[in-house]
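The values are calculated or read from the model by the stated rules, or taken from the named source; none is laboratory data. Given the structure is predicted, the values throughout are model-derived calculations rather than measurements. Note that we place each Cβ from the backbone using ideal geometry, even for glycine, and neighbour counts take in every protein chain shown. The accessibility values were calculated without ligands, DNA or RNA, using every heavy atom of the protein model including side chains. Shrake-Rupley method; radii C 1.70, N 1.55, O 1.52, S 1.80 Å.
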Amino acid sequence: MKKVVIALFLIVSSISVFAQNSSGQDALVLYHNAKYKESIQICENELAENPNRIDSYVVMCWSLVKNKQYAEAEQRAAEGLAKSPYDLRLIEISGEAKYYLGKNQGAMEQFQKYVANAPESGPRVGVAYYYMGEIFIKEAKYQHADISLSVAVKKEPLLDSWWSRLGYAREMAGNYFEAANAYDEALKLNSSSYDATRGRERVTSKIQ
């Protein structure tokens, strides 16, 4: 019976049900509708009522990153993690905030912590690997970038921009045939992709 109770608790925690605030508005719904400022304000109100409401920190940080308020997102994620150090959602979004602030080492640490602890089906595993790949590209660690971006496109195979970045990482590593394959996948998804088209042209000239 104890195992059943624990399992149910984990399922409920992973679903993360976000209750409506007193005005009847739902911060998560607003976030999904790209109304980031409104979502942030509702989360602020919720935290004023209950400073330990971790879900509010999570949705707020997601909205802050989407609204390009990266410093605020980093700060709020840190506040949330001080209350709930093992919340994987806050760990991952903290990595995103740090990435956009140019704090690559801190971002990498957060992303690695996230993928090490999240289930393979975690909703942001692909995103974390994508950002890890971008950091490796910045560091000219192209083989590492290839590995990370390969996992990213396996998790999210329909994003042509990710395939293009995988192609670029492989191209920079000198793996031209593999780069061509990645660029081809990008072009299948988006035939007008400039990056994939130019990348395919470059590696074709190297292969011939």
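Is it the case that segment 115-138 has a residue that's in contact (Cβ under 8 Å) with a residue 12 or more places away in the chain, farther than 19 Å from ALA77 by Cα and among the acidic types (Asp, Glu)? Yes. In the set (1) open to solvent by 80 Å² or more (accessible area, probe 1.4 Å); (2) touching a helix residue (DSSP H, G or I) at 6+ places or on another chain (Cβ under 6 Å), HIS32 fails one condition alone, (2). Taken over segment 35-56, the criterion of being open to solvent by less than 60 Å² (accessible area, probe 1.4 Å) and aliphatic (A, V, I, L, M) is satisfied by ILE40, ILE42, LEU47, ILE54. Only residues that are among the small types (Gly, Ala, Ser), more than 23 Å from SER121 (Cβ to Cβ) and either touching an Asp or Glu at 6+ places or on another chain (Cβ under 7 Å) or open to solvent by 40 Å² or more (accessible area, probe 1.4 Å) (or both) were counted across segment 150-178, and they come to 3.
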